[in-house]
Amino acid sequence: MNMKLLTSALLLLASLSASTLPDLKMPKTGLAFDVIKDYQNYQVVATHFRTDKNEIRYILANKLAFNALRKGVKKLPNGSKVVKIGWSVKKMALYPDALEADKIQRVEYMVKDSKRFNHQGDNWGYARFVKTKNGYKSFNKGTKGCISCHAAAQNSDFLFTQYQKRF
């Protein structure tokens with residue numbers, strides 16, 4: 001993993017301070033953007049590249065989820081939060097054979113709460129906020145798409161992400 005790219009992407013993410021998080025909620029679940037207000041303290045679990053969206057995603061986890069993922073726990077505990085930040089990519093100016101994160105496209109998260117959520121036995125609440133010209137908006141299709149897509153990962157606690165070892 002290119003540490004320079006990771007550092008610049010995380011600095012970009014940190015520029016969205018908790019005080020400037022949009023006051024948005026997902027339809028039906030009511031999950032708010034500010035549920036992840038302390039994301040700056042989350043750790044990187046993995047990176048993914050979505051070829052269908054031409055987008056690099058940094059997957060972050062709160063301390064509870066990060067420690068469980070690092071240990072290879074099969075089912076994350078209640079209170080776990082996993083955040084996906086998706087950026088468009090562009091060629092690096094100084095090294096044109098490489099790509100770097102450009103602009104945030106979306107912020108998505110999952111929060112494990114067995115008392116509040118139980119879609120097909122998953123115990124996860126899903127939220128997706130899409131970047132627009134004027135800020136962010138809640139994903140207009142709600143969480144049905146999240147739930148149906150994550151059903152394919154039922155055997156891994158509905159997570160596509162596994163901890164990527166550093167060394």
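The values are calculated or read from the model by the stated rules, or taken from the named source; none is laboratory data. From a predicted model like this one, the values you see are computed outputs, not experimental measurements. Cβ atoms come from the backbone with ideal geometry, glycine included; neighbour counts cover every protein chain shown.
Filter region 122-158 down to residues that are in a strand (DSSP E or B) and of a type in the set (A, V, I, L, M) and give me whichever is surrounded by the fewest Cβ atoms within 10 Å (Cβ to Cβ).
Filtering region 122-158 for residues that are in a strand (DSSP E or B) and of a type in the set (A, V, I, L, M), the one surrounded by the fewest Cβ atoms within 10 Å (Cβ to Cβ) comes out as V130.
Consider A68 against the criteria (1) in contact (Cβ under 8 Å) with a residue 24 or more places away in the chain; (2) of a type in the set (G, A, S); (3) surrounded by 15 or more Cβ atoms within 10 Å (Cβ to Cβ): it satisfies all of them except one. Which criterion is unmet?
(1)
Looking at (1) within 12 Å of the chain's Cα centre (by Cα); (2) within 15 Å of T143 (Cα to Cα), can you tell me which one K112 breaks?
(1)
Anything in region 94-115 that is without any contact (Cβ under 8 Å) to a residue 40 or more places away in the chain, in a loop (DSSP other than H, G, I, E, B) and not hydroxyl-bearing (S, T, Y)? List them, or say none.
Of everything in region 94-115, those that are without any contact (Cβ under 8 Å) to a residue 40 or more places away in the chain, in a loop (DSSP other than H, G, I, E, B) and not hydroxyl-bearing (S, T, Y) turn out to be L94, P96, D97, D113, K115.
If we keep just the residues of region 61-90 that are out of contact with any Asp or Glu (no Cβ under 8 Å at 6 or more places or on another chain) and basic (K, R), which is nearest to Q43 (Cα to Cα)?
Here the answer is K63.
Being over 14 Å from the mean Cα position of the chain (by Cα) and at pLDDT 90 or above: is that true of K25 here?
No; evaluated as a whole, the condition is false for this residue.
I need a count of the residues in region 45-55 that are under 15 Å from V107 (Cβ atoms) and outside any loop (DSSP other than H, G, I, E, B).
3
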